1. May I ask you to compute the full-extension gain from E278 to K228, defined as 0.36 nm times their residue separation minus their alpha-carbon distance, rounded to one decimal in nm?
2. Using a 1.4 Å probe, what is the accessible area per residue for the chain, in Å²?
3. What value, in deg cm²/dmol to 500, does the helix sum -39500 (n - 2.57) over DSSP H runs of n ≥ 4 give at 222 nm once divided by the residues of the chain?
4. Between D243 and K210, what FRET efficiency follows from the Cβ-Cβ distance if R0 is 22 Å, with the result rounded to 0.05?
5. What relative contact order, as a whole-number percentage, does the chain give when Cα pairs under 8 Å and 6 or more residues apart are counted?
6. Could you tell me which chymotrypsin sites (Phe, Trp or Tyr not before Pro) in segment 87-121 are loop residues by DSSP with no more than 10 other beta carbons within 10 angstrom of their beta carbon?
7. Over 32 Å between Cα atoms: which of K21/K182; K13/K69; K228/K279; K26/K182 fall into that group?
8. Using the Cα centre as the reference, give the magnitude of the dipole from point charges on the C-beta atoms of the chain (Lys, Arg: +1; Asp, Glu: -1; all else neutral), rounded to the nearest 20 debye.
Amino acid sequence: MPEQKEFRKEFEKLLILPLSKEDVEKALLDLEALFNFYKIFKTSGSGSNVEVQWIYKPSVISSKKLVLKTSARKIRDDTILIEGSSDDLDFTINCKILQVFYAVHANIKAECRGASRDICDKFLVPIMNELREYIVKFSREKPVEEKPAPSAEKPKPAMPPLAEAAPPKPPSTPVLVATEEKIDIQKLYDEFTLAIAIMKAELITTITLKPIWSIHSINEIIDSNAKKIQEYKLSILTLKTLDGKAEVFLFIKPPGIPVGFKGRIEGVEYRGSGRDFEKITVLLYDAEMQARLWGLKELP
């Protein structure tokens, strides 16, 4: 008879993995590989539906064999749900996976209900502690697809005869093109150089971004200050959370075009091109941000 599962425990962990989103999803959906990675489990079945055997030891002198029926499925484009149940233990592991540039952020939230006070800790703590190692190992050991042998090179068709050269055109009136001073973004990735640049900059405007904001909010700041931005050789938009856990610098050249960014979010450093900036907003859009637009008369 199943025991009453009155003890509840929650766990949460953020994994930052140098992998693709698809690699992480495959690792989490393959429950046979996942549970076999841990020496404390034995499995039967394969793929996303696996029966897991685990010896639970309430004390040094007693033990109990538990059989959990587990399953994994994709419930949204960015979320995988792993579930398991037995007479003494039920658990769910919710994995939200986001691709951020060349890394994946996997936010893992686990919830457990057990018949004894320590059963959730003994079951889930080893899984959470070594989950990153498992995903990386799974990705490295995945089979490599064999590429088909290259086909024989086809003979190149003969070049058509050259047409007669047209008579030379009279020289046209030269057109003067305004040259733009080259911006060395690599210099701005240096924290000391960036700090000096901000100290010398002139404040153009200050705006508070309320949740839920988006890349369109950033574009509105740039567009509404387009004339002012053209007065400077470089503009810098700073975004900072009120608790200081996230700070991002977006570099904008005079036509109002972002050319690069750098920042730090929850202790992790990011940098990239102006086109990549939108990808990082998914980590910030639900936080209130203090936005300041600065203008530089001289490049650092």
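1. Working: separation 50, 0.36 × 50 = 18.00 nm, distance 2.30 nm.
Gain in length upon complete extension: 15.7 nm.
2. Values: 19070 Å² over 300 residues.
Solvent-accessible surface per residue comes out at 64 Å².
3. Details: 8 runs with 69 residues, N = 300.
Helices in the chain give a 222 nm mean residue ellipticity of -6500 deg cm²/dmol.
4. Details: r = 15 Å, r/R0 = 0.70.
The formula returns an efficiency of 0.90 here.
5. Numbers: 521 pairs, mean separation 44.8, N = 300.
Once normalised by length, the contact order is 15 percent.
6. On the way: sites: F91, F101, Y102; in loops: F101, Y102.
Answer by residue number: Y102.
7. Working: K21/K182 35 Å; K13/K69 24 Å; K228/K279 27 Å; K26/K182 44 Å.
Result: K21/K182; K26/K182 exceed 32 Å.
8. Values: 45 positive and 44 negative charges, 39 e Å.
Here the size comes out at about 180 debye.
The values are calculated or read from the model by the stated rules, or taken from the named source; none is laboratory data. None of the values given here were measured: they were computed from a predicted structure. Note: ideal-geometry Cβ built from the backbone for every residue, glycine included; neighbour counts use all protein chains shown. Note: accessible area is taken over every heavy atom of the protein model, side chains too, but ligands, DNA and RNA are not part of it. Shrake-Rupley method; radii C 1.70, N 1.55, O 1.52, S 1.80 Å.
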